[in-house]
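The structure under discussion appears below in the form of structure tokens.
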């Protein structure tokens, strides 16, 4: 590896020392003048090799530190504790040691970011890797056979019969997607009819494809500053969304009745429960930031709950408004940006909802909505290397496909294995389970004393 670094232009420094003739030994090595793209800067070297790069500002140091596929641990050395804490929060690693290295304790979880893996060992966060809610059944036993045709999709032909399939008296209005804070037509210019349970045409929705997902993911990445906003600000925007949803409650309840065929009382209850969910996660926006870990270190160990990043979501087909809000709200409350695929059968609640987003001061790109065939769009999200996690609430086949397909790019997954949640229930439909899936724990170790 040292020779590869020299070939990339690095300077190699090694002491003149004798090594044992038997065993695997390598002399202590220092590589300087290393370019950020050099193989020795990008790959892990398991041996006594130190790669040195210079920087001019703390911001440049953070860029160099994060310019890697890995993120298990980092060691930060400085005399300025204010600067140390600022930089530690910006480095993408599971553990950050300030003026120290290789500090471990069973009370503080250890794990990485990116290709260093996800999940934690040790601590309360590590315990959650081995348990599940009491109401959840064992979910692996009903795994179906792998369907090689899963995710394949051919857009349908236009529906015959007038300008909108029901006659020429109504305006043909195809609901657009919502990408980067703007309404967007589907890239392929395809749409599909949305029918109620009796087969009556309710409207049309855009039939998204891979390019629509690509555009949505790019928009989500441009909104990464959402995580840097204060929790108070994120809470206020969620409260504003709840207020605006309440102002349009009658309109959305009617849409639910027309599209799903439910009774008026059920439709009104779903809207009210959706408003309640937004208030719940608005209150959680500034109450789930982390803890001080109690370890054997003489100093502080701060377990920060950071956002996962860009989350791709496939919403349940049932309860198209409540299921949508129950997934979207906890993710954005904790600073994530999302690409969401709403219910394919009843997508018009989600496309109505982006009018609420436009009037709630939500920054462009935080929530991106792509309608269409859920399996096809989920498969595209699953294979996208710039999506950090997938939440999938569909059938058992899709759950298995998501877990299998996300293994190659180390994408974090949360699936329901084809078993629907009780979205009406506070026990299953909201709470800290959703917040844990929307966050990852970084432990910052700060020794005290001289």
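Numbers below:
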item: Residue 390 vs. criteria touching a strand residue (DSSP E or B) at 6+ places or on another chain (Cβ under 7 Å) and either in contact (Cβ under 8 Å) with a residue 40 or more places away in the chain or crowded, with 24+ Cβ neighbours inside 10 Å (or both); result: yes
item: Number of the exception - residue 412 against (1) in contact with a strand residue (DSSP E or B) (Cβ under 7 Å, 6 or more places away or on another chain); (2) surrounded by 21 or more Cβ atoms within 10 Å (Cβ to Cβ); result: (2)
item: Residues located in the stretch 251-262, provided they are farther than 12 Å from residue 349 by Cα and either under 26 Å from the mean Cα position of the chain (by Cα) or at pLDDT 95 or above (or both); result: none
item: Filtered residue count, the stretch 172-216, keeping only those that are in a loop (DSSP other than H, G, I, E, B), buried (at least 16 other Cβ atoms within 10 Å of the Cβ) and within 25 Å of the chain's Cα centre (by Cα); result: 8
item: Qualifying residue in the stretch 322-339 (condition: in contact (Cβ under 8 Å) with a residue 24 or more places away in the chain, closer than 20 Å to residue 187 by Cα and touching a helix residue (DSSP H, G or I) at 6+ places or on another chain (Cβ under 6 Å)); result: yes
item: Residue under evaluation residue 149, criteria (1) modelled with pLDDT of 70 or more; (2) more than 30 Å from residue 386 (Cβ to Cβ); (3) exposed (fewer than 15 other Cβ atoms within 10 Å of the Cβ), criterion not met; result: (2)
item: Test for residue 357: is it surrounded by fewer than 22 Cβ atoms within 10 Å (Cβ to Cβ), touching a residue at least 60 places away in the same chain (Cβ under 8 Å) and touching a strand residue (DSSP E or B) at 6+ places or on another chain (Cβ under 8 Å); result: yes
item: Meets criteria (within 25 Å of residue 216 (Cα to Cα) and surrounded by fewer than 21 Cβ atoms within 10 Å (Cβ to Cβ)) for residue 432; result: no
item: Identity of the residue in the stretch 424-450, under 18 Å from residue 282 (Cα atoms) and in a loop (DSSP other than H, G, I, E, B), that ends up modelled with the highest pLDDT; result: 438
item: Residue check for residue 398: in contact with a helix residue (DSSP H, G or I) (Cβ under 8 Å, 6 or more places away or on another chain) and not in a loop (DSSP other than H, G, I, E, B); result: yes
item: Lone qualifier among 126, 119, 47, 71 - being more than 30 Å from residue 344 (Cα to Cα) and touching a strand residue (DSSP E or B) at 6+ places or on another chain (Cβ under 7 Å); result: 71
item: Residues (in a helix (DSSP H, G or I) and either surrounded by 17 or more Cβ atoms within 10 Å (Cβ to Cβ) or without any contact (Cβ under 8 Å) to a residue 12 or more places away in the chain (or both)) located in the stretch 250-267; result: 250, 252, 253, 255, 256, 257, 259, 260, 264, 265, 266, 267
item: Some residue of the stretch 332-348 being more than 22 Å from residue 144 (Cα to Cα), more than 16 Å from the chain's Cα centre (by Cα) and assigned to a helix (DSSP H, G or I); result: yes
item: Test: residue in the stretch 274-284 that is outside any helix (DSSP H, G or I) and either within 26 Å of residue 417 (Cα to Cα) or free of Cβ contacts under 8 Å to residues at least 60 places away in the same chain (or both); result: no
item: Sole residue being out of contact with any strand residue (DSSP E or B) (no Cβ under 7 Å at 6 or more places or on another chain), farther than 28 Å from residue 204 by Cα and touching a residue at least 12 places away in the same chain (Cβ under 8 Å), chosen from 418, 429; result: 429
item: In the stretch 217-226, the residues that are out of contact with any helix residue (DSSP H, G or I) (no Cβ under 9 Å at 6 or more places or on another chain) and assigned to a helix (DSSP H, G or I); result: 218, 219, 220, 221, 222, 224, 225
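The values are calculated or read from the model by the stated rules, or taken from the named source; none is laboratory data. What you are looking at is a predicted structure, and each value in this text was computed from that prediction instead of being measured. Don't worry about glycine lacking a Cβ; one is built from the backbone with ideal geometry, like all the others, and counts go over all protein chains shown.
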